[in-house]
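The values are calculated or read from the model by the stated rules, or taken from the named source; none is laboratory data. Just so it is clear, the structure is predicted and the values come from calculations on it, not from any experiment. Cβ atoms come from the backbone with ideal geometry, glycine included; neighbour counts cover every protein chain shown.
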Amino acid sequence: MADVNDLKVHDVVVRDDVSTNAADFGKIYTQVTFFVGAHGPFRLRIPKDQATGDYINGQIDHQVAELRKTTGIGY
């Protein structure tokens, strides 16, 4: 039976990225890539000025919560 440890966050990589899209060309983003258990990779693209540690962790936690709902693990 699967348990909550099956949805442990790992291999988190945070780096800056510059947009090449016409609408926001040159805008700097923080890109966060991570895995949740065997799921992923997931990628977040957050405007650099919003990419605080608390915000990034909140977004990762949100993804984990959605996976728990989908998989039923931890409920």
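Some notes on this structure:
- Selection count, the stretch 1-48, where residues are within 29 Å of Lys69 (Cβ to Cβ), in a loop (DSSP other than H, G, I, E, B) and not hydrophobic (A, V, I, L, M, F, W, C): 3
- Any pair with Cβ under 9 angstrom, 6 or more apart, that starts in the stretch 45-60 at a residue that is farther than 16 Å from Ser19 by Cα and touching a residue at least 60 places away in the same chain (Cβ under 8 Å) and ends at one that is of a type in the set (A, V, I, L, M) and surrounded by 12 or more Cβ atoms within 10 Å (Cβ to Cβ): none
- Scan of the stretch 28-58 for residues that are of a type in the set (S, T, N, Q) and farther than 14 Å from Val13 by Cβ, ordered by number: Gln50, Thr52, Asn57
- Candidate set from the stretch 36-48 (those that are modelled with pLDDT under 95 and either surrounded by 14 or more Cβ atoms within 10 Å (Cβ to Cβ) or touching a Lys or Arg at 6+ places or on another chain (Cβ under 7 Å) (or both)); member that is farthest from Leu7 (Cα to Cα): Gly40
- Any hit, the stretch 49-68, residues being modelled with pLDDT of 95 or more, in a strand (DSSP E or B) and under 9 Å from the mean Cα position of the chain (by Cα): no
- Taking each residue of the stretch 11-25 that is among the aliphatic types (A, V, I, L, M) and looking for partners that are surrounded by 11 or more Cβ atoms within 10 Å (Cβ to Cβ) with beta-carbon atoms closer than 6 Å, six or more apart or interchain, yields Val12/Phe34; Val13/Thr33; Val14/Val32; Val18/Ile28.
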